[in-house]
1. Tell me the label-point distance for the pair PHE308, SER263, using the 7 Å Cα-to-Cβ offset, in nm and rounded to one decimal.
2. Applying the Karplus parametrisation 6.51 cos²θ - 1.76 cosθ + 1.60 with θ = phi - 60° to the phi angles of the range 310-319, what ³J(HN,Hα) value in whole Hz is obtained for each residue in order, glycine and proline being reported as x?
3. Can you give me the C-alpha center-to-center distance between the range 22-59 and the range 259-287, rounded to a whole angstrom?
4. For the chain, what does -39500 (n - 2.57) per DSSP helix run (n ≥ 4), summed and divided by total residues, give at 222 nm, in deg cm²/dmol to the nearest 500?
5. Do any GluC sites (Glu not before Pro) in the range 44-141 lie in a DSSP loop with no more than 11 other beta carbon atoms within 10 Å, and if so, which?
6. Could you order peptides 8-20, 206-218 by the average number of other Cβ atoms within 10 Å of their residues, highest first?
7. Averaged over all directions, how much area does the convex hull of the C-alpha atoms of the range 1-153 cover when projected, in nm²?
8. Give me the net charge for the shell around ALA183: Cβ to Cβ below 11 angstrom, other residues only, Lys and Arg +1, Asp and Glu -1.
Amino acid sequence: MARNKKIKLVIDTDPGIDDFHAITMALSSPNIDVLALTCVTGNTSLSNGVRNVHYLLQTLNRTDVPVYKGAECSVTGKYKYASHVHGDDGCGNATIGLNIELNLLQDEPAAMALCRLAKQYHGELVVAAIGPLTNLFLAHRLDPEFSKHLKELYIMGGNSVLPNYQTLSIGIEFNFRCDPLAASIVLEEFHIMPLIISYELTCICSLSYDYIDSLFARKNESKKAKLFHSVSEFLYDFSKTDEQGSGFNSCDSVAMACVLDKSMILETRKVYAVVEQFGSCAAGHMISDWHNHFKRQPNVEIVENIDFEKFKKLFLLCVDDNLVEN
Ligand SMILES: [Ca+2]
């Protein structure tokens, strides 16, 4: 593969287990320049999330990457953690009791850092949003030009119906449910059409337990493989007991694989989509207007199919130090 200029990437993350996978993949990819990790509340508390990314960056000797602290609750002041999926620390309980120095944490709030970096790398910056969209919403409110500066925006979030797979929409995806208002505004007001990696797509891209077993078996090979095992085991055990489960679903790594190698995206569809902002049942639900009921221009591009074999290969970056050649 011809090596183009490195992708300038900011990862906006609610550091849970699949965020760990996605961030590790990005850090391991030589065509990516990870400029910053901006943390948001979601899978776990903001303070846990900040600890978790420090643990990751320090273990992988990537202390060159700055960390920014963002919103500690949704725009409307709510929060909802997923400790049953990600452990009490958001990191598969791998960091409990560890003394982690927060030496990469910057003073600048995440939303301000997003605005600054977007302007600084105008037309170049790619943002991978793999948590609730609160920080992106705040960046947009701080600077209405924020999204105009971005080259691309990948969002792991939202629900969709994928006709090719005959799947039904599951309903409300976690990131959008955590901050429905932020998700709604990002889709409605941003000046860039985001690529949406929906929950349903990630379900289809679930990895088999045999495949994960083969990665766990390599835990004594390297620090990185050991880290993958210690952090991921909790999600593995959770997935196995989940009767609705489709296998080992690392949602954020599906989104990150699209960032790392766009050629693995096989099909997309542009559509106008809205997110239900409030309500006791459907807040966070993404409604895709496939039949043009609202008579609006498309505002999202939904990824409907990816090259699963390529994804599996890129996922190996969670344990391998070497680049997976394409
Ligand atoms: Ca996430």
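1. Between PHE308 and SER263, the label points sit 2.1 nm apart.
2. 5, 4, 4, 5, 5, 5, 4, 4, 5, 10
3. Value for the Cα centre distance between the two parts: 23 Å.
4. Details: 13 runs with 120 residues, N = 326.
That calculation yields -10500 deg cm²/dmol at 222 nm.
5. Loop-located and lightly packed - GLU101.
6. Result, highest mean Cβ count within 10 Å first: 8-20, 206-218.
7. One quarter of the hull surface, i.e. the mean projection, equals 9.1 nm².
8. Details: positive: ARG177; negative: GLU173, ASP179, GLU188, GLU276.
Result for the neighbourhood of ALA183: -3.
The values are calculated or read from the model by the stated rules, or taken from the named source; none is laboratory data. Please read all numbers here as calculations on a predicted model, not as lab measurements. Methodologically, a virtual Cβ is constructed for each residue, glycine included, from the backbone with ideal geometry; neighbour enumeration extends over all protein chains shown. When the accessible area is computed, the model is the full protein with side chains, heavy atoms only, and any ligands, DNA or RNA have been set aside. Shrake-Rupley method; radii C 1.70, N 1.55, O 1.52, S 1.80 Å.
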